[in-house]
Amino acid sequence: MRNLGRAVRQAGVGIGVLLAAVLAGCAHHSPDFDLMSPVGTWRASAPDTGVLEIDLDGTFTIEGSSFNVSELVDSREGYNATGTWELLHSPVRVGLAIGEGRDGQRASGGGRYALEFTHGAIMFRDSEDTAGITFVYDTHNVPTAGTTAR
């Protein structure tokens with residue numbers, strides 16, 4: 001009976017160590033966002049490049065993007081765009097209207113998008129879902145009003 005008690009204690013210690021290791025691993029993941037506003041700086045996740053800046057005044061810019069958002073193709077020379085945005089509801093999305101886009105020196109049309117943003121990522125994809133870009137919210141450049149992270 002003593003051997004059974006010792007085995008149960010050892011198993012309990014082993015399970016406790018395993019549970020502590022799992023919980024410690026979970027503590028190192030990036031924070032879970034619950035953004036109420038898209039205002040701020042969004043940076044392309046690697047290996048893509050570019051910055052999406054959404055301003056309080058209802059405008060946005062995309063600079064140096066490796067993906068041409070107007071045409072939904074990889075950029076040849078670096079894509080830049082300007083436009084306006086609005087907050088959409090049901091479900092919550094950011095509405096982006098590209099006023100002017102350029103791929104290097106070439107004009108590159110416009111576009112209108114309604115995109116999810118509340119979890120800290122804005123994704124543009126082509127219709128086949130084979131190419132795209134993901135902009136991730138930059139927590140180092142958090143605006144003072146309108147945005148919260150849990």
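Here, each number is a calculation from the coordinates, and none is a lab measurement. The shown structure was predicted, so the numbers you read here are calculated from the model rather than taken from an experiment. For neighbour counting, all protein chains shown are included, and Cβ atoms are generated from backbone atoms with ideal geometry for every residue, glycine included.
With a Förster radius of 30 Å applied to the C-beta separation of residue 134 and residue 87, the computed FRET efficiency comes to 0.90.
Averaged over residues, the count of other Cβ atoms within 10 Å places the peptides 118-129, 44-55 in the sequence 44-55, 118-129, highest first.
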